[in-house]
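The block underneath contains the structure these notes are about, expressed in structure tokens.
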Amino acid sequence: MRWTPGGRDPNLEDRRSAGGMGRGLGIGGTVVVLALSLIFGRNLFTDLGVEPAIGTASAPMTAADSAAEEPQVQFISFVLGDVQSTWAKLFQQYGQGSTYHPARLVLFRNSTDSGCGPAQSVMGPFYCPVDERVYLDLGFFDDLKKRFGASGDFAAAYVLAHELGHHVQRQLGFDARVRQMQEADPAAANQLSVRIELQADCYAGVWAHSTQGRLLESGDIDEALNAASAVGDDRIQKRTTGRINVDSFTHGSAAQRSQWFKRGFESGDPRNCQTL
């Protein structure tokens, strides 16, 4: 991927030097309550009167740490700006007069607070609709390479574009629509979650389409497709439990995720991302 280092996007919020600690729930409980907070669009930790998992305080950010991570921070900043400027143009083109307003991206180490409850590195990147921020621990990209076998800068760019796709959904009203459908039919909650995640994959593909002739290099789309497949529910379940339970899918299978990314990439038109 051809990209230009230098500077930081104004919507990048760096909290890496501020360690966070939580207490009360275990990690499993924290993940469950956070997932429900994302589904219902409010902070259920406050509603339920519970506190998040015990976390380990982050080690102080040293000058060496900062220097070592700066190229990655600049890459994330570049992708953040490019994805959001692309959506600003797409909203003008397809949004019937609506205006895109940008999300913020929070970089943290170990744990931090979000509008949806605690953000912890074990949870992976996520978008919180309450405060309209994407939360990301840089350590996730090491996991993406080592645990998921998805390497390359465009694999990382796909992840960021997917999370920002959830911000697009919020502005277009899809997330509110899905929450209403899930509340009306709790048995369909997982299936609806899959559909909204696949739409975000498609939106990531729409952004990738815009990079042709600007940023895209040979092999980049293969990196994104590999990443989309690697984080499919079936691949993750097979690796962690040795079995696949389709009824518990929340993000879609490897084939579905790569298929919807490809659909967005081939068309470049967000109107072709109607998974609902």
_With an 8 Å Cα cut-off and a minimum separation of 6 or more residues, compute the relative contact order for the range 62-187 in percent._
21 percent
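Ordering Tyr94, Tyr135 by how much accessible area each has at a 1.4 Å probe, largest first, what is the list?
So, going from the largest accessible area down, we get Tyr94, Tyr135.
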*Over the range 83-132, with every protein chain in place, what whole percent of the accessible area is carbon and sulfur at 1.4 Å, could you tell me?*
46 percent
_Using θ = phi - 60° and Karplus 6.51 cos²θ - 1.76 cosθ + 1.60, couplings along the range 242-258 (whole Hz; Gly, Pro as x)_ = x, 9, 10, 10, 4, 5, 9, 4, 10, 10, x, 6, 4, 5, 5, 5, 5
*asked:* Give me the Å³ per residue figure for the convex hull around the C-alpha atoms of the range 83-152.
replied: 106 Å³
*Using θ = phi - 60° and the Karplus form 6.51 cos²θ - 1.76 cosθ + 1.60, what ³J(HN,Hα) does each residue of the range 72-81 get, whole Hz, x for Gly and Pro?*
5, 4, 5, 5, 4, 4, 4, 5, 3, x
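What whole-number value in Å² describes the accessible area per residue of the range 200-259 for a 1.4 Å probe?
Numbers: 2760 Å² over 60 residues.
Heavy-atom accessible area per residue stands at 46 Å².
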*Rounded to two decimals, what ratio of Rg to Rh does the range 82-124 give with C-alpha atoms and a Kirkwood Rh?*
1.19
*asked:* Using the Cα centre of the range 84-168 as the reference point, and only Cβ charges (+1 on K/R, -1 on D/E), how large is the resulting charge dipole? Debye, rounded to the nearest 20.
replied: 140 debye
*Cβ crowding within 10 Å averaged over residues, with 209-215, 67-73 ranked highest first*: 209-215, 67-73
*Starting from the Cα of Met181, step 7 Å along the direction of its Cβ; do the same at Tyr94; then give the gap between the two resulting points in nm.*
1.7 nm
*asked:* Rounded to the nearest percent, how much of the accessible area of the range 151-250 (1.4 Å probe, protein heavy atoms only) is carbon and sulfur?
replied: 48 percent
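The values are calculated or read from the model by the stated rules, or taken from the named source; none is laboratory data. Treat the numbers as computed from the prediction; the structure is a model and nothing was measured. Backbone-built Cβ (ideal geometry, glycine too); neighbour counts: all protein chains shown. We work out accessible area using only protein heavy atoms, side chains counted, and drop any ligands, DNA or RNA first. Shrake-Rupley method; radii C 1.70, N 1.55, O 1.52, S 1.80 Å.
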